[in-house]
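Below is one structure, written out as structure tokens; comments come after it.
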Amino acid sequence: MNITSLEGLVFGVDDVGACNEFLANMGLEAVERSGGGGRFFAEDGTWISTRPRMDESLPAPLETGSMLRETVYGAADADTIEAVAKEMARDREVTRHADGSIGFYDDLGFALRICLSTRKPLEVPAEVMLNVPNSTQSRGLNVTGVTPGAPAAQPRTLSHVVYFVPDVAAAEAFYTERLGFRCTDRFTDVGPFLRPAGMADHHALFLIQSPPHIKGIEHFAFHMASPSQVLAAGTQMVKRGFQSFWGPGRHHFGSNWFWYFNCPMGCHAEFDADMDQHDDHWVPRATAMGAEASQAYLFQFREKWAPGGPPPNARPAS
């Protein structure tokens, strides 16, 4: 199955206004934004859509009430869509849509849609971050690493989604055996990181074993251009009053830098950068979950400080 991308996520939410405000503050472009919902795009055309929870056009919700209503993957061509439709029709209903996409439910009840990928190639040059001693790949003379007044950090592309699932073995079997996803790494007591066969990113989907009553989305993530862009975007979110949940830091599996925030869509939202890429020669790693396995290092946000003032970790006198 030549599924190449994670294209978009559709949410049915309790507070459309708050969700739209959150996504706009993440730096996504609002193509649609009203009390009836919103559609917000990253630079490459991947997206998040919000609708009121009771919108009858949405796919049926999970029995747990998770606000995620549909996950949309991109295919390389119409032949791939037809191959998926044929495979799914063996044991479940497949809905065909006017745009040529197909919809169905996975074995755990998550609504999926497969469409032709509309991701746009990005012409924006990658950030050259470092001046490394004796390296020809350094930023160079008279090129500053920090430019005051630089444009605000913007998400480049939808990166991945994470599900809580009560039967991680069944969920993994569906995505690997029926849709051709590949396992890249695994937390042995939690679940696998999975990538579609046509995508090189370390993962587009991560599955977390959970009790049945919390089945749903744990978080979604957007790729930023660089670790410094993760820090810039996260700092902007904190300054605007959004609550940091985890980070900034850097993961072991995937190597991606991260910063997570509490999100009004009933989950967390992540900025990430510099994720590993793999092909079918990669041998998946496996380890037990734990703080050391989860992140290589973790930082904590603090207000800015300047030399001459009290140390940034000083406590006021009692």
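So, in the range 164-176, how many residues would count as being within 19 Å of TRP282 (Cβ to Cβ), surrounded by fewer than 21 Cβ atoms within 10 Å (Cβ to Cβ) and either of a type outside the set (S, T, N, Q) or at pLDDT below 95 (or both)?
Residues meeting the conditions: 1.
Which of (1) in a strand (DSSP E or B); (2) among the aromatic types (Phe, Trp, Tyr); (3) surrounded by fewer than 20 Cβ atoms within 10 Å (Cβ to Cβ) is the odd one out, the single condition TRP282 does not satisfy?
It is condition (1) that TRP282 fails.
From the list ILE114, ILE48, which residue is closer than 30 Å to VAL238 by Cα, surrounded by 14 or more Cβ atoms within 10 Å (Cβ to Cβ) and in contact (Cβ under 8 Å) with a residue 60 or more places away in the chain?
ILE48
When the range 1-31 is examined, which residues are found to be of a type in the set (Val, Ile, Thr) and either over 30 Å from GLN277 (Cα atoms) or surrounded by fewer than 23 Cβ atoms within 10 Å (Cβ to Cβ) (or both)?
Within the range 1-31, THR4, VAL13, VAL16, VAL31 qualify.
Output the qualifying pairs, or none if there are none: Cβ atoms under 8 angstrom, residues six or more apart or on different chains, first residue in the range 278-299 and under 18 Å from GLY191 (Cα atoms) and touching a residue at least 40 places away in the same chain (Cβ under 8 Å), second residue hydroxyl-bearing (Ser, Thr, Tyr) and loosely packed, with under 14 Cβ neighbours inside 10 Å.
ALA286/THR188; THR287/THR188; ALA288/THR188; MET289/THR188
Counting only residues that are out of contact with any helix residue (DSSP H, G or I) (no Cβ under 7 Å at 6 or more places or on another chain) and part of a strand (DSSP E or B), which one in the range 189-216 is nearest to GLY65 (Cα to Cα)?
Among those residues, the one meeting the criterion is GLY216.
Among what's in the range 271-302 and is touching a helix residue (DSSP H, G or I) at 6+ places or on another chain (Cβ under 9 Å) and not aromatic (Phe, Trp, Tyr), pick the residue that is nearest to TRP47 (Cα to Cα).
ASP272
Which numbered condition in (1) in contact with a Cys (Cβ under 9 Å, 6 or more places away or on another chain); (2) among the acidic types (Asp, Glu); (3) free of Cβ contacts under 8 Å to residues at least 12 places away in the same chain is the only one that GLU172 fails?
Of the numbered conditions (1) in contact with a Cys (Cβ under 9 Å, 6 or more places away or on another chain); (2) among the acidic types (Asp, Glu); (3) free of Cβ contacts under 8 Å to residues at least 12 places away in the same chain, the odd one out for GLU172 is (3).
Would a scan of the range 242-264 turn up a residue that is of a type in the set (Phe, Trp, Tyr) and not in a strand (DSSP E or B)? Outline the logic, then answer.
To start, the set of residues in the range 242-264 that are of a type in the set (Phe, Trp, Tyr) comprises 242, 245-246, 253, 257-261.
Pick out the ones that are also not in a strand (DSSP E or B) and you get 242, 253.
There is at least one residue in the range 242-264 that is of a type in the set (Phe, Trp, Tyr) and not in a strand (DSSP E or B).
Yes or no: GLY109 surrounded by 11 or more Cβ atoms within 10 Å (Cβ to Cβ), out of contact with any helix residue (DSSP H, G or I) (no Cβ under 9 Å at 6 or more places or on another chain) and at pLDDT 85 or above?
Criteria met by GLY109.
When only residues in the range 88-109 that are out of contact with any strand residue (DSSP E or B) (no Cβ under 8 Å at 6 or more places or on another chain) and free of Cβ contacts under 8 Å to residues at least 60 places away in the same chain count, which is nearest to ARG69 (Cα to Cα)?
ALA98
Among the residues in the range 186-193, are any closer than 24 Å to ALA293 by Cβ and within 14 Å of the chain's Cα centre (by Cα)?
Yes; the residues of the range 186-193 include at least one that is closer than 24 Å to ALA293 by Cβ and within 14 Å of the chain's Cα centre (by Cα).
Which of the following residues is among the hydrophobic types (A, V, I, L, M, F, W, C), in contact with a strand residue (DSSP E or B) (Cβ under 9 Å, 6 or more places away or on another chain) and loosely packed, with under 15 Cβ neighbours inside 10 Å: LEU122, LEU141?
Only one candidate passes the filter, namely LEU122.
Quickly run through the range 258-274 and pick out the residues that are in contact with a Gly (Cβ under 7 Å, 6 or more places away or on another chain) and closer than 20 Å to GLY290 by Cα.
Result: PHE258, TRP259, TYR260.
When the range 220-241 is examined, which residues are found to be assigned to a loop (DSSP other than H, G, I, E, B) and at pLDDT below 95? Show your work before the answer.
Taking the range 220-241 as the starting set, the residues that turn out to be assigned to a loop (DSSP other than H, G, I, E, B) are 224-226, 240-241.
If the condition is that a residue be assigned to a loop (DSSP other than H, G, I, E, B) and at pLDDT below 95, then ALA225, SER226 are the ones that fit.
Output yes when any residue across the range 265-277 is within 20 Å of LEU23 (Cα to Cα), in contact (Cβ under 8 Å) with a residue 40 or more places away in the chain and outside any strand (DSSP E or B), and no when none is.
We begin by selecting, within the range 265-277, every residue within 20 Å of LEU23 (Cα to Cα); these are 265-273.
Those still in the list that are in contact (Cβ under 8 Å) with a residue 40 or more places away in the chain too: 265-273.
With outside any strand (DSSP E or B) added as a condition, the list becomes 265-266.
Yes: one or more hits.
Of all residues being among the polar types (S, T, N, Q) and either in a loop (DSSP other than H, G, I, E, B) or at pLDDT below 85 (or both) in the range 294-318, which is nearest to the chain's Cα centre (by Cα)? Just the residue, please.
So the residue we want is GLN300.
Got a sec? Which of GLY216, GLY241, GLY266, GLY198 is small (Gly, Ala, Ser) and either buried (at least 22 other Cβ atoms within 10 Å of the Cβ) or over 22 Å from PRO155 (Cα atoms) (or both)?
Being small (Gly, Ala, Ser) and either buried (at least 22 other Cβ atoms within 10 Å of the Cβ) or over 22 Å from PRO155 (Cα atoms) (or both) holds for just one of GLY216, GLY241, GLY266, GLY198, which is GLY216.
The values are calculated or read from the model by the stated rules, or taken from the named source; none is laboratory data. Since the model is a prediction, treat every value here as computed from it, not as a measurement. So basically every Cβ, Gly included, is an ideal-geometry build from the backbone, and we count neighbours across all protein chains shown.
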